[in-house]
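First the structure, in the form of C-alpha cells, and then the observations on it.
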Amino acid sequence: MLPAVNLKPAFNITRASHIRLSVRDLAESRAFYERIVGLVVTEATDTACYMRGLGEICHHSLVLELGGAPGVCRQAGLRVMFDEDLDAARDYFRALGLPAEWAGEEHQGRTLHVSDPFGTPLELCASMPTQPRLYTAVELFTGGQAQQFDHIQILAPDPNSVCAFYGDLGFRHSEYIASDEEILAGFMYRKGTCLDLAVAKGPGPRLHHFAYTVPESRDIFSACDIAGNLGYGDCVERGPGRHGPGGMLFVYLRDPDGHRVELFLNHYQTIDIETEPIRWEAGSLSTNARWGLPGPARWYEEASDFTSVPVTAPAAGQPPMTLERYLLENQTNANEEVASGTSSVSESE
C-alpha cells in the first residue's frame, strides 16, 4: 500500500527548515508574524525580512520578500546534514532530468535550488549563521510565542506518486489517510517526530501551509485573541481544534497575503526503526479532527501557488466533509425529523 522507503538515501535530508514567501506589504506582513504568530526578526532590509522562532538558533526559518506576485511561495526549504550532501543532491536531481542549480541566497551556506518531479521548488542548504535562542527572553514574548519551524504541507493531484518520490529520499510515514489503495494524505518525516512534509490530495503542487510549534495550549488562544484585537479576526481560519493524525492541538491562520500558517503543540517521536505508520480510513474520519467542527471549504480548496509552477487538478474523488456541507446536512436532517415528528424538539412540545 505505502511506497517503499529508502533508509540509505543518496543524500541526507535532516528536516524541513524554512520557507520563502512573496508579500505585498513587507511592514504589514512583518507585524502579523511578529505580533500574532510571535516570531522575532533576525534581520530586515527594505525588500526582505528574515524571521525565526523563539527556540531557533539558525538565522531564519521564514523569509518575507517584496517583488513578484503577492501570495506566492518562492521555495520550501530543507536542510541537509553536510555540505557534501548538496553535491550528492545535485547529482541525484540531474540524473532524473530535474532542475538543480546553485543559488546565492543571503544568510545561508551554499544553497541548491531544485524541483521535484511534480514542480515543487525546493531550496537545500547545510548551514546558516547562528543567533541566540530566545525562549527564556520572556520580555519578547507575544502572540503564539512560536518556537520552531516544524513542517510544510503541499497539495498534489497524486499523493501516491509524491510519497513514493520522497520515500526514496528517506522520508518515512508516521500516519496516512487512505481510501482503499489510494493515499489521500501522507504525513512524512526525517527529523524523528511525526512530520516534516505532509502531502494531501488537491490541485497542485501548491503550498497548503507551513507550521510552527508553540509551548503551551494557551498560546494558541493568545494568537487568536491578539489577531482579533488587531483587526485580523477573520484570519483565524480553522480551529482551535485537535487533529486526528498526530493528535496535536492546532489553529490555522491566514496572513495578509493569504498564506496559511499553523500553530500547534508538538508531537510524538518516531526515531526507532520499528515505528509503524498509522492508517486512518477516509470514510470514518471527519477531516482529521477528533472533535469540533470540520474545516471550511476554503481550508481544503485555497493554497499558495509556487512561483511560475502550473497547477494540475486531481482525478475526481470523494469530496471532503466541509463545514458548509456539515451544516447543510445537519439542517436537512433536523428538518426531516421535525417534519416526521421524531425530533427531540417535537417530542418536548
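Before moving on, here are some points about what is shown:
- Cβ-placed point charges (K, R +1; D, E -1), dipole of the range 67-158 about Cα centre in debye, nearest 20: 160 debye
- Mean silhouette area of the chain, derived from the convex hull of its C-alpha atoms and averaged over all directions, reads 19.9 nm².
- Solvent-free Debye calculation, one equal scatterer per alpha-carbon of the range 103-236: log10 I(q)/I(0) at 0.12 Å⁻¹ equals -0.65.
- Cα convex hull of the range 163-238, projected area averaged across orientations, nm²: 7.0 nm²
- Residue-normalised convex hull volume from the C-alpha trace of the range 147-300: 116 Å³ per residue.
- When each of the peptides 81-94, 35-48, 251-264 is scored by the mean number of other C-beta atoms lying within 10 Å of its residues, the order from highest to lowest reads 251-264, 35-48, 81-94.
- Accessible area of the chain belonging to carbon and sulfur atoms, whole % at 1.4 Å probe: 51 percent
- Hz values of 3J(HN,Hα) by residue in the range 195-206 - Karplus curve (6.51, -1.76, 1.60), Gly and Pro given as x: 7, 10, 9, 10, 10, 10, 6, x, x, x, x, 9
- Neighbourhood net charge (14 Å Cβ-Cβ; Lys/Arg +1, Asp/Glu -1) for PRO314: -1
- Label zone at ALA137 (point 7 Å along Cα-to-Cβ), backbone N below 12 Å, the range 29-46: 39-43
- Sorted largest first, extent of the range 1-55 alpha carbons per principal axis (Å): 45, 24, 24
- Heavy-atom accessible area ranking, 1.4 Å probe, most first, across MET51, MET321, MET1: MET1, MET321, MET51
- Under-5 Å amide H pairs with LEU184, H placed in peptide plane, nonlocal only: ILE177, ALA178, SER179
- When the helices of the chain are scored as -39500 (n - 2.57) per DSSP H run of n ≥ 4 and the total is divided over every residue, the value at 222 nm lands at -6000 deg cm²/dmol.
- The local environment of ALA126, defined by Cβ-Cβ distances under 10 Å, has a net charge of -1 under the rule Lys, Arg +1 and Asp, Glu -1.
- Taking every protein chain into account, the accessible area of the chain amounts to 44 square angstrom per residue (probe 1.4 Å).
- Of the residues ARG79, ARG110, the one with the largest accessible area comes first in the ranking ARG110, ARG79, computed with a 1.4 Å probe on protein heavy atoms.
- Sequence-distant residues sharing a close amide H with VAL80 (under 5 Å, placed H): THR14, CYS125, ALA126
- Peptide ranges 242-249, 326-333 listed from the most packed, as the mean C-beta count within 10 angstrom indicates: 242-249, 326-333
- Span-rule helices in the chain, defined as complete DSSP H runs reaching 24 Å or more along the axis (Cα) with Kyte mean at least -1.0: 323-340
- Length gained on full extension, LEU7 to MET81, computed as 0.36 nm times the residue gap minus the Cα-Cα distance: 25.1 nm.
- The local environment of LEU323, defined by Cβ-Cβ distances under 13 Å, has a net charge of -1 under the rule Lys, Arg +1 and Asp, Glu -1.
The values are calculated or read from the model by the stated rules, or taken from the named source; none is laboratory data. If you're wondering where the values come from, they're calculated on a predicted model, not measured in any experiment. Note: ideal-geometry Cβ built from the backbone for every residue, glycine included; neighbour counts use all protein chains shown. The accessibility values were calculated without ligands, DNA or RNA, using every heavy atom of the protein model including side chains. Shrake-Rupley method; radii C 1.70, N 1.55, O 1.52, S 1.80 Å.
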